[in-house]
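Chemist: Can you read through this structure? Questions will come right after.
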Amino acid sequence: MEKIKIGQIGIGHNHGAEKMRAVRKFPELFEVVGWCEEDERWVKERGGMDVYRDLPRLSREELLEYSGIEAMLIETDVWNMMPAAAECVKRGIHIHLDKPAGEDYNEYEAIIREAEKNNAVVQLGYMYRYNPAVQYILERVRSGELGRVLMVDTDMCTEHDVEFRRWLEHFKGGDMYIFGSHLIDLVLLLQGEPTAVHSYLKKTELDGTSSYDSTLALLEYPDSVSTVRVTSIEANGYGRRQLVVVCERGSFEVKPFENPTRLYFTPKGKYNAYEYHSEEIELPKLSGRYDEMICDLYSFIREGKENPYGYDHELKLHKLILKACGIL
């Protein structure tokens, strides 16, 4: 197998180290040439992590001009990702771009169109696309055996500390921007594009913070309303993260989403409607949160596999995200 030379721009994104760890799990697929980080605070805090220690730290220009470089992980602080992505795609370098993809839609659209022009793969870091429960539900829904999707309810809450809630103040959409983007992606995949998006962003102001840490988006369809709720103030919020998909012939519930992932299905009409019933679906075990995603990146670049989340899909998704954040 012909390896792909890959680097990482930035180590400030909270998912950056684990993305590098995933890439390094597959030395038969990727040759990691190095990483760059211009913020010395991140170098001090994360540069000594095991996934970076034996890799060269290069300047950004050295990394971009590295002989034979084909792909890049974009893992800067969230507010610096778009310029880094733009530098890559204008050179025709394929990118794994962590999310969310910037608060300026026009800037992001220009990057996507430049990538399209230069045949550069753009893979977004929406890891729940690869969650085994989500993949199972999508397969059943797309088969048509359960009829229409009638509604989707989603929660991605966490009990974040005060430092994290202050960090959220960087973003106009707060929690909805950082975490709600994952869930909006799932609703779009399951139900398609909504007719309207309604944004509700609130500040609890706990501990003197001023971020939007209690948020809700309603995605309106001709026959239903689906929900995306994200907060940073819920004890056991991580354990209660869930996806509920209601179809004509049955309902799914994923809870918890991870560690472990649990999926339940209740067929319509089989049980007493006034008693709790569910059937647990056995799922394949993931070797790592990002492994399948990273292997797909290789397949998109080297093997000609079609990216199911193409340029137009990612633009449509990001427009919905910004609407849910009240930015568009």
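The values are calculated or read from the model by the stated rules, or taken from the named source; none is laboratory data. In this text the structure is predicted, and so the values were computed from the model without any measurement. Note that each Cβ is placed from the backbone with ideal geometry, even for glycine, and that neighbours are counted across all protein chains shown. Each accessible area value is taken on the protein alone, full model and side chains, heavy atoms only, with ligands, DNA and RNA left out. Shrake-Rupley method; radii C 1.70, N 1.55, O 1.52, S 1.80 Å.
Chemist: Per the Cauchy relation, a quarter of the hull surface: what is the mean projected area of the convex hull of the alpha carbons in the chain, in nm²? Numbers along the way, then the final one.
Modeler: Details: hull surface 69.7 nm².
Average of the hull's projected areas for the chain equals 17.4 nm².
Chemist: Okay, moving on. Could you give the nm distance between label points at residue 202 and residue 142, where each point is 7 Å from its Cα heading toward the beta carbon?
Modeler: 3.7
Chemist: Tell me which chymotrypsin sites (Phe, Trp or Tyr not before Pro) from region 248-314 have a DSSP coil assignment and no more than 10 other beta carbons within 10 Å of their own. Write out the running numbers ahead of the final one.
Modeler: Numbers: sites: 252, 257, 264, 265, 271, 274, 276, 290, 298, 300, 309, 311; in loops: 257, 271, 274, 276, 290, 309.
Those that pass, being in a loop and sparsely packed, are 274, 276.
Chemist: Rank 312, 155, 185 by mean-square fluctuation in a GNM of the chain with C-alpha springs under 10 angstrom and give only the top-ranked residue.
Modeler: Highest fluctuation among the options: 312.
Chemist: Using R₀ = 41 Å, calculate the FRET efficiency as 1/(1 + (r/R₀)^6) where r is the Cβ-Cβ separation of residue 135 and residue 172; round to 0.05.
Modeler: Plugging the Cβ-Cβ distance into 1/(1 + (r/R0)^6) gives 0.80.
Chemist: Still on this structure, please answer the following. Subtract the Cα-Cα distance of residue 55 and residue 118 from 0.36 nm times their separation in residues, and report this length gain in nm to one decimal.
Modeler: Stretched fully, the residue 55-residue 118 segment lengthens by 19.8 nm.
Chemist: Could you run the Karplus curve 6.51 cos²θ - 1.76 cosθ + 1.60 with θ = phi - 60° over region 9-19 and give me ³J(HN,Hα) per residue in whole Hz, x for Gly and Pro?
Modeler: Per-residue couplings from phi come out as 9, x, 10, x, 6, 5, 9, x, 5, 6, 5 Hz.
Chemist: Compute the length gained on full extension between residue 225 and residue 26: take 0.36 nm times their separation in residues and subtract their Cα-Cα distance, giving the result in nm to one decimal.
Modeler: Working it through step by step, the gained length comes to 67.4 nm.
Chemist: Quick one: which residues, 5+ away or cross-chain, put their amide H under 5 Å from the amide H of residue 72? H built at 1.01 Å from N.
Modeler: For residue 72, the qualifying residues are 7, 94, 95, 96.
Chemist: Could you tell me what fraction of 2.2 N^0.38 Å the Cα radius of gyration of region 1-148 comes to, as a two-decimal ratio?
Modeler: 1.14
Chemist: I need the calculated FRET efficiency for the pair residue 41 and residue 287, taking r as the beta carbon distance and R₀ as 30 Å, to the nearest 0.05.
Modeler: 0.40
Chemist: Taking the Cα centre of the chain as origin and charging only Cβ (+1 Lys, Arg; -1 Asp, Glu), how large is the dipole, in debye to the nearest 20?
Modeler: 500
Chemist: Please list, ordered by chain and number, the residues whose modelled amide H lies under 5 Å from the amide H of residue 124; skip anything fewer than 5 residues away on the same chain.
Modeler: Those lying under 5 Å, H to H, from residue 124 are 97.
Chemist: Another one. Can you list residues from other chains, or at least 5 along the same chain, whose modelled amide H is less than 5 Å from the amide H of residue 281?
Modeler: Residues meeting the amide H criterion: 263, 264, 265.
Chemist: With contacts defined as alpha carbon pairs under 8 Å and 6 or more residues apart, what's the relative contact order of the chain in percent?
Modeler: Reported as a whole number, the value is 17 percent.
Chemist: Here's something else I'd like to know. Where in region 222-324 are there GluC sites (Glu not before Pro) that are in a DSSP coil and have at most 13 other Cβ atoms within 10 angstrom of their Cβ?
Modeler: Here the GluC sites (Glu not before Pro) that fit, given the DSSP loop and packing criteria, are 248, 275, 282, 303, 306.
Chemist: Taking the solvent-accessible surface of protein heavy atoms with a 1.4 Å probe, what is the per residue accessible area of region 228-328 in Å²? Write down the numbers at each step before the final one.
Modeler: Working: 5310 Å² over 101 residues.
Using a 1.4 Å probe on heavy atoms only, each residue of region 228-328 averages 53 Å².
Chemist: Limiting things to C-alpha atoms, what are the Rg and the maximum Cα-Cα separation (Dmax) for region 228-311, in angstroms?
Modeler: Both quantities, over Cα of region 228-311: 17.3, 53 Å.
Chemist: Give, as ranges by residue number, the residues of region 5-44 whose backbone N falls under 20 Å from the point 7 Å along Cα→Cβ of residue 107.
Modeler: From region 5-44, the list is 9-16, 37-40.
Chemist: Given the options 133, 110, 17, which has the most mean-square fluctuation in a GNM of the chain, springs set between C-alpha atoms less than 10 angstrom apart?
Modeler: Top of the fluctuation ranking is 110.
Chemist: Along the charge dipole of the chain, Cβ charges K/R +1 and D/E -1, which of 101, 10, 88 sits furthest on the positive end?
Modeler: Going by the charge dipole, the pick is 101.
Chemist: Counting pairs of alpha carbon atoms under 8 Å apart in space and at least six apart in sequence, what relative contact order in percent does region 1-157 give?
Modeler: Once normalised by length, the contact order is 20 percent.
Chemist: Follow-up question, since we're still on this one. Averaged per residue, what accessible area in Å² does region 1-116 show with a 1.4 Å probe, protein chains only?
Modeler: 42
Chemist: Using only C-alpha positions, report the orientation-averaged shadow area of the convex hull of region 22-105, nm², one decimal.
Modeler: 6.0
Chemist: Follow-up question, since we're still on this one. So how many Lys-Lys pairs in region 182-325 land under 20 Å Cα to Cα, not counting same-chain pairs under 8 apart?
Modeler: For region 182-325, qualifying lysine pairs total 4.
Chemist: Given springs between every Cα pair under 10 Å in a Gaussian network model of the chain, which of 210, 299, 67 has the largest fluctuation?
Modeler: 67
Chemist: Turning to a different aspect of this structure: On the protein heavy atoms, probe 1.4 angstrom, tell me the percent of accessible surface of region 38-183 carried by carbon and sulfur. Could you put the intermediate results ahead of the total?
Modeler: Working: 2840 of 6150 Å².
Percent of accessible area from carbon and sulfur atoms in region 38-183: 46.
Chemist: Could you check how much of the accessible area of region 210-321 is carbon and sulfur, as a whole percent, using a 1.4 Å probe?
Modeler: So the carbon and sulfur contribution to the accessible surface is 48 percent.
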